[in-house]
Amino acid sequence: QVPLVESGGGLVQVGGSLTLSCAASARTFSTYALAWFRQGPGKERDFVAAINWSGGSTYYGDSVKGRFTISRDNAKNTMYLYMNNLKPEDTAVYYCAGDRARFGPERTWYDYWGQGTQVTVSP
């Protein structure tokens with residue numbers, strides 16, 4: 001199992017930036033593909049971005065391309081989401097997720113989930 005803990009959420013104004021972190025304690029962290037999903041009020045949990053085990057491949061949802069950047073530091077067992085030019089529609093609880101076998105945008109592929117961190121973008 002891979003316990004995942006998100007941090008870095010908060011309140012930010014439109015056009016601002018925020019960085020989320022997802023930390024894991026597992027020694028096998030570097031073997032997992034990781035992803036960010038988000039769930040806005042009354043909405044489905046949607047894909048944001050994913051990164052493969054080495055960090056060499058990334059994948060983004062259309063709504064965040066060019067604004068968000070996903071990265072990971074396997075030496076620190078941590079994944080990051082750099083969010084720029086934030087919009088009100090980015091308001092959501094952001095979750096990190098991990099999987100040993102697959103890498104991509106499908107929520108059902110991921111076996112391990114964090115508890116989420118709230119991001120609120122004010123107009």
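The values are calculated or read from the model by the stated rules, or taken from the named source; none is laboratory data. Quick caveat: nothing in here was measured; it's all calculated off a predicted structure. Here the Cβ is made from the backbone with ideal geometry for all residues, glycine too, and neighbour counts use every protein chain on show. The area values use the complete protein model at the heavy-atom level, side chains included, leaving out ligands, DNA and RNA. Shrake-Rupley method; radii C 1.70, N 1.55, O 1.52, S 1.80 Å.
Could you check segment 46-76 and list, in sequence order, the residues that are touching a helix residue (DSSP H, G or I) at 6+ places or on another chain (Cβ under 9 Å), open to solvent by less than 60 Å² (accessible area, probe 1.4 Å), in a strand (DSSP E or B) and not hydrophobic (A, V, I, L, M, F, W, C)?
Passing the criteria: only R72.
Table: residues versus (1) touching a strand residue (DSSP E or B) at 6+ places or on another chain (Cβ under 8 Å); (2) without any contact (Cβ under 8 Å) to a residue 24 or more places away in the chain.
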{"position": "E6", "(1), (2)": "yes, no"}
{"position": "V12", "(1), (2)": "yes, no"}
{"position": "A23", "(1), (2)": "yes, no"}
{"position": "T28", "(1), (2)": "no, no"}
{"position": "T31", "(1), (2)": "no, no"}
{"position": "Q39", "(1), (2)": "yes, no"}
{"position": "G56", "(1), (2)": "no, yes"}
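Looking at segment 101-120, can you tell me whether even one residue there is under 23 Å from S17 (Cβ atoms) and in contact with a helix residue (DSSP H, G or I) (Cβ under 7 Å, 6 or more places away or on another chain)?
yes
State the number of residues belonging to segment 81-116 that are under 11 Å from the mean Cα position of the chain (by Cα) and buried (at least 20 other Cβ atoms within 10 Å of the Cβ).
Taking segment 81-116 first, the residues under 11 Å from the mean Cα position of the chain (by Cα) are 81-83, 93-98, 113-114, 116.
Still in the list and also buried (at least 20 other Cβ atoms within 10 Å of the Cβ): 81, 83, 94-98, 114.
Total satisfying the criteria: 8.
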